[in-house]
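Chemist: Before I ask anything, let me first share the structure, which is written out below as structure tokens.
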Amino acid sequence: MTQFDSLLRQGLMDANLEQYGRILRSVNAKEPDFSPQYLRERMHLLSAPQDWERRQTRPAPRRWKIPRGIAVAIAALLLITAAAAAAAAVSLWVSYFGGLDQRQQEIIGDMEISGEKTEQPGPEKTAAESLLPPPVEHDGVTITPLRILGAKSQLYLVLEIRAPEGTVFHPEDDLSLFGSLRPSEQWKAEHPKEYATNSYSFTILEAGTKEPNVLVGVEEVMASYDVGGSTFRVWGLERRTADGENELVFGSWSAERGPTDYWEIPIPEALNEDQVLELQVEGMSTTDGGKTMTLLSMNVTPLGIYWKYRLDGDDPWPRARLALRMKDGSEIKADSAQMTAGDYTGSGCTASVDFEKPVDLSQAEAVLWEDVVIPLETGPET
């Protein structure tokens, strides 16, 4: 990193702290400034300040889609016999997404990277046929990727976490996973002026049901870049106790450096590139409330929408209404919680949004972006 880049990054961090300092100071202020919780909150705030603020005032979007006890019961029942092993993977996604129909399960089956697909022959393998990253183990902690589902800017990691011996998890535990996604070296080389940002959400599916010190959860990441070839680093796990204190289950921290150790999981390259639709949208614009957004690019996947744009207006974190219009006339709305990254270097703003459940794009005919209709096959309507 050049001296200029370093100064720019520090300046942006200082600006974010200036704008959001009041919010940060309100987070469990009784703890010392350099506690693990403070460092975690500071990292999340600097990565995506508006997304961080939204998550402080709203529950995680997926955690309570169905009662946790039901999710645990489903997974536990499916794991009872060896004959149910193949169905267990489906149950994890069903539990996470809050129910999936047959077509949605097929879409996930085509896109996910799972252990069942690692034995397929042939020298050339697609992303969904590549080997899962191996388990990562040290200091008595083993983290095993069970499933990877992703495309473009969306990533879902199903992780089995085996904590140190003597750890006991319970289904009702309030657990927070600390981690970060780092873009690939290729992306950084091709986008030297762009600032990579992410938002994170961790959902527990099983805790202490298989073995007392084992949990299974889904880490959801939305990114301002292509997640293929990136690396996910787990820094630690924290549990919120009944009296409101934070207990570090594993991980190590220092006041000067923050996290001092990590478990690293490489994400396969070319992650479901065949599932990404690139729309011809450059130059399209919409104006709302004194701000104008002009599209530079847009990509649609079964998991969500990613777009780049230039912004003319005072709102640094604009929100756009997005939906898919299906061939039967119905609409599938994208999540209202969008992740946006500002135009720090003149290369354009970026935004990502996911769908509540995977979508069959073969049954979609257009993207609705504010008041603009963008056909999926023929290019933008005029």
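Chemist: Condition first: crowded, with 18+ Cβ neighbours inside 10 Å and of a type outside the set (Gly, Ala, Ser). Can you find one or more residues in the range 240-247 that meet it?
Modeler: no
Chemist: If LYS210 satisfies all but one of (1) over 21 Å from the mean Cα position of the chain (by Cα); (2) under 24 Å from LEU271 (Cα atoms), what's the number of the condition it fails?
Modeler: (2)
Chemist: Another question, if that's okay. Name, by its number, the condition in (1) assigned to a loop (DSSP other than H, G, I, E, B); (2) at pLDDT 90 or above; (3) open to solvent by less than 30 Å² (accessible area, probe 1.4 Å) that does not hold for GLU211.
Modeler: All conditions pass for GLU211, except number (3).
Chemist: Here is a follow-up. Failed condition for PHE169, given (1) in a strand (DSSP E or B); (2) farther than 21 Å from GLN275 by Cα; (3) open to solvent by less than 20 Å² (accessible area, probe 1.4 Å), with all others met?
Modeler: (1)
Chemist: If you take the residues in the range 218-231 that are touching a Pro at 6+ places or on another chain (Cβ under 8 Å) and assigned to a strand (DSSP E or B), which one is modelled with the lowest pLDDT?
Modeler: It comes out as ALA223.
Chemist: Looking at (1) of a type in the set (Lys, Arg); (2) within 30 Å of TRP369 (Cα to Cα); (3) open to solvent by 70 Å² or more (accessible area, probe 1.4 Å), which is the only condition ARG257 fails?
Modeler: Of the numbered conditions (1) of a type in the set (Lys, Arg); (2) within 30 Å of TRP369 (Cα to Cα); (3) open to solvent by 70 Å² or more (accessible area, probe 1.4 Å), the odd one out for ARG257 is (2).
Chemist: Right, something else. So, THR209, is that one of a type in the set (Val, Ile, Thr) and within 21 Å of VAL136 (Cα to Cα) or not?
Modeler: Here the answer is no, as THR209 does not meet what is asked.
Chemist: For the range 117-166, which residues satisfy the criterion of being open to solvent by 20 Å² or more (accessible area, probe 1.4 Å), of a type in the set (S, T, N, Q) and at pLDDT below 95?
Modeler: Result: THR118, GLN120, THR126, SER130.
The values are calculated or read from the model by the stated rules, or taken from the named source; none is laboratory data. Source: prediction; values computed, not measured. Note that we place each Cβ from the backbone using ideal geometry, even for glycine, and neighbour counts take in every protein chain shown. Quick note on the areas: whole protein, heavy atoms, side chains included, nothing else; ligands and nucleic acids left out. Shrake-Rupley method; radii C 1.70, N 1.55, O 1.52, S 1.80 Å.
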